[in-house]
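Reading through the structure tokens given below for one structure.
The values are calculated or read from the model by the stated rules, or taken from the named source; none is laboratory data. Computed from a predicted structure; not experimentally measured. Methodologically, a virtual Cβ is constructed for each residue, glycine included, from the backbone with ideal geometry; neighbour enumeration extends over all protein chains shown. We work out accessible area using only protein heavy atoms, side chains counted, and drop any ligands, DNA or RNA first. Shrake-Rupley method; radii C 1.70, N 1.55, O 1.52, S 1.80 Å.
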Amino acid sequence: MSGFFISFEGGEGAGKTTQIKAVEKFLTEKGYSVVVTREPGGTYGAELVRSVILSGGAEQYGTAMEAILFAAARNDHVEGLIRPALEQGKVVLCDRYIDSSRVYQGVTGQLEPDFMDNLERITIDGIKPDLTLILDIPAEAGLARANLRRGNEIVDRFEKETLSVHEQRRQAFLRLAEEESERCKVVNAAQNIDGVSKDILAHIDVLLASHSPKGA
Ligand code: Z5A
């Protein structure tokens, strides 16, 4: 693998999509070939699964089934888009990845750690991010941003959950960052957009200093 893989994680409205655009511009200007993608989704099949899950269509089958659907979408995404892009020396910027499954299905979905670990191992087959940026913001503030942006559109399967569940997820992301501190960097996402970008780009500079993809 000669490219880089960077994932962006955090709760609703943390600013992942906004910051990915800034990072894409920064890296493209430096001459990197950048692929922006998201989960669930990123390939034709995974986008189909996305609409089933986020509409709430799979909720009736239980959390384990939803975890399996996220994993199926992820496997298609990894093999159809992420692995080939990394092999071509590209930089992949992904809006959510394994840590979202660990937090949403594993922690707040209360699925067995062994089940989650095995599912992840089989699904990603070695494709782990080089850097994961965890955008941290109090759940209430993130939801307020997401609500403002959504306007009259209906809330999705996960947004509709209680504030306390959203806050548990925030704490779970922070614990994960402590457990995998080499890979995961926490960024204060409650700052203004430029302040968040500045902190993110500082982490990316460190990554660039230690790697040099073929495509650059
Ligand atoms: N999910 C899961 O359960 N398991 C999994 O394995 C995976 C996912 C992969 C996908 O939702 C859902 O699937 C997600 C988890 C679950 N739960 N939900 N809901 P999604 O992709 O549709 O949505 P999201 O990932 O939660 O993203 P989001 O709500 O769109 O938030 P965001 O991308 O982090 O934020 P944004 O769109 O960049 O910004 C939101 C608004 O805030 C927007 O108007 C911005 O202009 C504004 N903004 C952004 N940054 C700032 C700052 N710094 N200050 C002020 N305003 C800002």
**Item:** Estimated dipole of the stretch 4-210 in Debye, rounded to 20 [Cβ of Lys and Arg +1, of Asp and Glu -1, Cα centre]
**Value:** 520 debye
**Request:** Using a 1.4 angstrom probe on heavy atoms only, work out the carbon and sulfur share of the accessible area of the chain in %.
**Result:** 52 percent
**Message:** So if each residue of separation counts as 0.36 nm, and I subtract the Cα-Cα distance between A144 and K128, what length gain in nm does that give?
**Reply:** 2.6 nm
**Fill in**
With +1 on the Cβ of every Lys and Arg and -1 on the Cβ of every Asp and Glu, the dipole magnitude of the stretch 152-212 about its Cα centre, in debye rounded to the nearest 20, is 60 debye
**Asked** In nanometres, what is the gap between the two model label sites at K25 and D114, each 7 Å from Cα along Cα-to-Cβ?
**Response** 5.0 nm
**Request:** Keeping all protein chains in place, calculate the accessible area per residue for the chain (probe 1.4 angstrom), answer in Å².
**Result:** 49 Å²
**Item:** Principal axes of the stretch 62-216: Cα extent on each, largest first, Å
**Value:** 45, 38, 32
**Message:** Testing the spin-label approximation: label points 7 Å from Cα along Cα→Cβ at S181 and E159. State their distance in nm.
**Reply:** 3.6 nm
**Prompt:** In angstroms, what radius of gyration and Dmax does the stretch 70-123 have, counting Cα atoms only?
**Reply:** 12.4, 38
**Asked** Which helices, counted as full DSSP H runs in the chain, have an axial Cα extent of no less than 15 Å and a Kyte-Doolittle average of 0.5 or above?
**Response** 44-54, 193-210
**Request:** Considering Cα pairs under 8 angstrom that are at least six residues apart, work out the relative contact order of the stretch 4-210 and quote it in whole percent.
**Result:** 32 percent
**Message:** Could you work out [θ]222 nm for the chain from helices alone, using -39500 (n - 2.57) per DSSP H run of at least four and dividing by all its residues? Round to the nearest 500 deg cm²/dmol.
**Reply:** -15500 deg cm²/dmol
**Request:** Please list, in chain and number order, the residues 5+ apart from G10 or on another chain whose amide H is under 5 Å from its amide H, with Hs placed from the backbone.
**Result:** L135
**Request:** Could you check which residue among S100, S55, S33 shows the biggest mean-square fluctuation in a GNM of the chain with a 10 Å Cα cutoff?
**Result:** S55
**Prompt:** What FRET efficiency do you get for Q171 and Q60 if R0 is 25 Å and r is their Cβ-Cβ distance, rounded to the nearest 0.05?
**Reply:** 0.35
**Request:** With unit charges on the beta carbon (Lys/Arg positive, Asp/Glu negative), name the residue among G142, G3, T108 whose Cα is farthest towards the positive pole of the charge dipole of the chain.
**Result:** G3
**Prompt:** Can you list residues whose amide H is under 5 Å from C184's amide H, if they're 5+ apart or on another chain and H is modeled 1.01 Å from N?
**Reply:** T132
**Asked** Got a number for the accessible area of T123? Probe 1.4 Å, square angstrom, nearest 10.
**Response** 10 Å²
**Prompt:** How big is the stretch 142-182 on each of its three principal axes, counting only the C-alpha atoms and giving the largest first in Å?
**Reply:** 40, 18, 15
**Request:** Only loop residues by DSSP count here, and only those with at most 10 other Cβ atoms within 10 Å; note down the GluC sites (Glu not before Pro) in the stretch 126-216 that meet that.
**Result:** E153, E182
**Item:** At 0.890 mPa s and 25 °C, Stokes diffusion of the stretch 1-109 via Kirkwood alpha-carbon radius, µm² per second
**Value:** 169 µm²/s
